[in-house]
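Structure first, commentary second.
Every number in this text was worked out from the coordinates using simple rules, so none of it is lab data. Remember, predicted model here, so these are calculated numbers, not experimental data. So basically every Cβ, Gly included, is an ideal-geometry build from the backbone, and we count neighbours across all protein chains shown.
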Amino acid sequence: MYLSRVQIDTKNRQKLKNLTHLGAYHNWIEQSFPQEIERGQRKRHLWRIDYLNGKAYLLVQSEQQPDQKRFEKYGVTGSAESKNYDIYLAQLKNNGIYRFRLVANPVYRDGKTGRIFPHVTVLQQKKWLSERAAKLGFQIVNNQFDIVQRDYPILYRKGGRKIKLSRVAFEGLLRITDLNLFQRALKNGIGKEKAYGMGLMTVIPVER
């Protein structure tokens with residue numbers, strides 16, 4: 001498994017005009033794996049957009065490395081990089097404390113109608129993650145986490161129907177309580193809309 005990153009070329013208006021909705025990013029990522037297309041495979045790649053020091057990055061988790069040229073289609077030439085993620089995952093430890101970042105789609109299912117609705121308040125969204133932590137193999141250290149970004153990107157469904165998804169970025173400290181569950185959560189993603197930039201959690205060890 002690989003974790004790849006490319007800087008999005010936000011200064012190129014020609015490129016940006018093609019990235020106005022989540023489906024465009026999804027297609028960009030799919031096209032970055034031409035071997036999967038040739039084999040008729042449609043593998044789900046976890047991904048998200050990060051912002052760091054005034055720059056935007058596309059982060060992708062995948063079984064294979066993306067084709068660099070296609071991965072840089074809307075990115076800055078020469079900025080793509082990939083790392084072996086399996087090696088990193090193998091270094092995680094039970095009871096280890098890590099700084100995490102998660103971009104997710106916090107929603108709930110209405111018990112009467114069965115319809116899915118987004119959580120809209122900060123309190124609801126933080127509760128959504130807290131309630132799932134134990135089943136995902138971690139606990140949040142002393143409730144130390146925050147929502148650092150919230151927005152409603154556009155997604156076009158079949159038939160041209162336009163909807164807005166609730167996208168929330170969480171950051172904080174966690175302790176791994178069940179390594180197998182936690183590694184599975186990192187590999188499979190957390191929550192819904194994983195094909196459209198939600199569900200990817202990354203962690204960095206905290207020096208003690």
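If you go through the stretch 2-52 and pick out every residue that is β-branched (V, I, T), without any contact (Cβ under 8 Å) to a residue 40 or more places away in the chain and within 17 Å of G199 (Cβ to Cβ), you end up with 1. Consider the stretch 166-192 and keep the residues that are farther than 15 Å from L129 by Cβ and of a type in the set (D, E, K, R). The one that is nearest to the chain's Cα centre (by Cα) is K187.
Only one entry of K126, K83 meets the criterion of being basic (K, R), in contact with a strand residue (DSSP E or B) (Cβ under 9 Å, 6 or more places away or on another chain) and surrounded by 18 or more Cβ atoms within 10 Å (Cβ to Cβ), and that entry is K126.
Going through the stretch 92-123 one residue at a time, which ones are on the phi < 0 side of the Ramachandran plot and out of contact with any strand residue (DSSP E or B) (no Cβ under 8 Å at 6 or more places or on another chain)? Those that are on the phi < 0 side of the Ramachandran plot and out of contact with any strand residue (DSSP E or B) (no Cβ under 8 Å at 6 or more places or on another chain): G111, K112, T113, V120, T121, L123.
Residues are listed down the side, and each one gets a yes or a no for (1) closer than 25 Å to Y88 by Cα; (2) touching a helix residue (DSSP H, G or I) at 6+ places or on another chain (Cβ under 8 Å):
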residue: W128; (1), (2): no, no
residue: A134; (1), (2): yes, no
residue: F145; (1), (2): yes, yes
residue: R150; (1), (2): no, yes
residue: Y156; (1), (2): no, yes
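Restricted to the stretch 6-51, and to residues there that are hydroxyl-bearing (S, T, Y) and touching a Leu at 6+ places or on another chain (Cβ under 9 Å), the residue that is nearest to R167 (Cα to Cα) is Y25.
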